[in-house]
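Below: the structure, in C-alpha cells.
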Amino acid sequence: MSAARIWLTVRRLIALAVALGLWEALARFGVLDPFYLPPPSQVALTTYELFTDGGIWTHIEATFGAALLGLALGVLVGALLGAGAALLPWVGEILDPAMTVLNAVPRIILAPLFVIWFGIGIASKVAVTFVLISVLFFFAVYAGIKEVDQRLVERVKTLGGGRSVLLREVYLPAVTAWALSNLKVAVGFAFTGAVVGEFVASSRGLGYLLSFAQSTYNASLTLALLLLIILFVFLLFALAGKLEKRLLRWR
C-alpha cells in the first residue's frame, strides 16, 4: 500500500473518530435525546449483545441466503436474456420494451405481491432480489454487446471467425467489463431486496429484526442492525472490487 493511500485511510479514520466522539458527547450532555439517537457506545453495546446471545446468526443466515441466491439467479438470468436480446433481433424486439418498462417503475414495490404469491419464507425475498438484479444485468449485458464496434466484428468474420470466436474473443470481454462495473451496484440491490422483503413480511432475517425494532421504538437496535448491514455490504463491495481487478487485468 502506498504512503498516499495509507495517509488517506488515516485521515478517514480520524474524521470518523471525531464524528463519533462528537455524537457521543452531544448524547451524554443531553443535546441529543438518547431515545431517538442513542450514543455510539449504546449502539456498540447493543451490537455486542446481539452476538453474545447467538440469535443473530439465524437472521444473518436468512438475509445472506436470500440476497446471495437472488444475486446469483439474477446475474445468470439477466445476462442470458441480455445476450439473447442483443444477438437475436426478434428476442430484443420483445424483451427490450418489457425490460424498459420494468426498469422505469420502482421494482421494490413488488415485494408485497411476492409475499402474497410465495409466502413469508425465503422464496419471496429471493424473488424481490432476483427482479432487482436481473433487470440491472440485462441492460449491462445488452449494452455491452451493443457497444461493440461493428467494424471489429466484420473484421473477425472476414478473417474466418465464426460465432464461437466472436462470442469468446469479442463479445465476452466487452460484456465482462460492463457486467463487473455493475457488480457493486448489484450487491447493494441484493441486500435491498432481501431486507425489504423481510421487512414487509417474514419470521426471521435482518429485515424482520428491523421491523421489530421499529415497532418497539428501539432506536439502539435499529442503528445496530443498520451498522451490520452496512458492514456486510462493504465487505461484499471489497470482494467485488478484488474480483473486478482480477478479471479485468487484461485492460
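Tell me the angle of helix 40-52 to the major Cα principal axis of the chain, expressed in degrees between 0 and 90 and rounded to the nearest ten.
For 40-52 against the chain, the angle is about 70 degrees.
What residue among GLY119, GLY78, GLY188 shows peak mean-square fluctuation when the chain is described by a Gaussian network model with Cα springs under 10 Å?
For the chain, modelled as a Gaussian network with Cα springs under 10 Å, the answer is GLY119.
With springs connecting C-alpha atoms under 10 Å apart, model the chain as a Gaussian network and identify which of ILE108, ILE94, ILE56 has the largest mean-square fluctuation.
Maximum among the listed residues: ILE94.
Among the chymotrypsin sites (Phe, Trp or Tyr not before Pro) within the stretch 1-38, which fall in a DSSP loop and have no more than 12 other Cβ atoms within 10 Å of their own Cβ? Can you show the working numbers first?
Values: sites: TRP7, TRP23, PHE29, PHE35, TYR36; in loops: PHE29, PHE35, TYR36.
Loop-located and lightly packed - PHE29, PHE35, TYR36.
Which Cα, out of TRP7, ALA240, VAL195, lies furthest along the positive dipole direction of the chain (beta carbon charges, K/R +1, D/E -1)?
My answer, from the dipole projection, is TRP7.
Mind checking the angle between helix 3-28 and the chain's longest principal axis? C-alpha axes, 0 to 90 degrees, to the nearest 10.
For helix 3-28, the angle is close to 40 degrees.
Give, in nm to one decimal, the length gained when the segment between ILE6 and ILE94 is fully stretched (0.36 nm per residue of separation minus the Cα-Cα distance).
Numbers: separation 88, 0.36 × 88 = 31.68 nm, distance 5.07 nm.
Full extension from ILE6 to ILE94 adds 26.6 nm.
Multiplying the sequence separation of LEU73 and GLU61 by 0.36 nm and subtracting their Cα-Cα distance, what value in nm do you get? Please list the in-between numbers first.
Details: separation 12, 0.36 × 12 = 4.32 nm, distance 1.79 nm.
Once the chain is fully extended between LEU73 and GLU61, it gains 2.5 nm.
Taking the radius of gyration and the Kirkwood hydrodynamic radius from Cα positions alone, what is the Rg/Rh ratio for the stretch 1-150, to two decimal places?
Rounded to two decimals, Rg over Rh is 1.16.
Output the 0 to 90 degree angle, nearest 10, between the alpha-carbon long axis of helix 183-200 and the longest principal axis computed from the alpha carbons of the chain.
50
What 222 nm value per residue comes from the helices of the chain, counting each DSSP H run with n ≥ 4 as -39,500 (n - 2.57) and dividing by all residues, nearest 500 deg cm²/dmol?
Numbers: 12 runs with 200 residues, N = 251.
The helix-only estimate for the chain comes to -26500 deg cm²/dmol at 222 nm.
Quick one: with all protein chains in place, what share of the accessible area of the stretch 1-136 is carbon or sulfur, to the nearest percent (1.4 Å probe)?
76
So if each residue of separation counts as 0.36 nm, and I subtract the Cα-Cα distance between PHE212 and LEU239, what length gain in nm does that give?
Full extension from PHE212 to LEU239 adds 6.7 nm.
Give me the mean projected area, in nm² to one decimal, of the convex hull enclosing the Cα positions of the chain. Could the numbers behind the result be given before it?
On the way: hull surface 71.2 nm².
Mean projected area for the chain: 17.8 nm², to one decimal.
Rolling a 1.4 angstrom probe over the protein heavy atoms, how many square angstrom per residue are accessible across the chain?
In whole numbers, the chain has 58 Å² accessible per residue.
The values are calculated or read from the model by the stated rules, or taken from the named source; none is laboratory data. Treat the numbers as computed from the prediction; the structure is a model and nothing was measured. Glycine also receives a Cβ, built like all others from the backbone with ideal geometry; neighbour counts cover every protein chain displayed. Quick note on the areas: whole protein, heavy atoms, side chains included, nothing else; ligands and nucleic acids left out. Shrake-Rupley method; radii C 1.70, N 1.55, O 1.52, S 1.80 Å.
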